[in-house]
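The values are calculated or read from the model by the stated rules, or taken from the named source; none is laboratory data. From a predicted model like this one, the values you see are computed outputs, not experimental measurements. Please note: Cβ atoms are built from the backbone with ideal geometry, for glycine as well, and neighbour counts cover all protein chains shown.
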Amino acid sequence: MFKLPAQIPTLEDAVEVLTDYLEFECIKDGRISLLGEINKLLLSNDEVLVQGIEDETDQALAKTEEISQEIERRTKASDAYPFKLQRGGYSLEVVSSTTEYWVYVYLLLSTRLNMSAHKRHNDIDG
């Protein structure tokens, strides 16, 4: 499970964890390519096992599809979800012009902040 600010997930993490990470990346950049971000995770993971005839491209496409489905599920669960899938589910864009966006960002970051290493801020023990 990834924690901010130092960890990134691996492709073996749950789809919810990967989606949270990609939302974080999208918040930073405004728009991301899901496949491009998955490929970055593949490159950073030197322990990818190739089984049978599957290769990294197949794995990246399968993960991208899983993440797109998770984003669609989140979109259906709330009209206030601040992300939109674009380009047939291969691109993610953040909609930052709503109050709900700020609430979502706060909740996303608070669930991913590494509180064991960074729990004190302005003399407040989080």
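What to note about this one:
- Pairing each residue of the range 5-17 that is more than 13 Å from Ala60 (Cα to Cα) with any residue that is at pLDDT below 80, provided the two are 6+ apart or on different chains, yields C-beta distances under 6 Å for Ile8/Phe2; Pro9/Phe2; Val17/Met1.
- Any hit, the range 107-124, residues being surrounded by 10 or more Cβ atoms within 10 Å (Cβ to Cβ) and at pLDDT 90 or above: yes
- Restricting Ile32, Ile27, Ile8 to residues that are assigned to a helix (DSSP H, G or I), under 20 Å from Arg112 (Cα atoms), modelled with pLDDT of 80 or more and not small (Gly, Ala, Ser) narrows the list to Ile27.
- In the range 35-59, the residues that are at pLDDT below 85, part of a helix (DSSP H, G or I) and in contact with an Asp or Glu (Cβ under 8 Å, 6 or more places away or on another chain): Leu42
- Residues being at pLDDT 95 or above, in contact with a Leu (Cβ under 9 Å, 6 or more places away or on another chain) and assigned to a loop (DSSP other than H, G, I, E, B) - total across the range 77-106: 0
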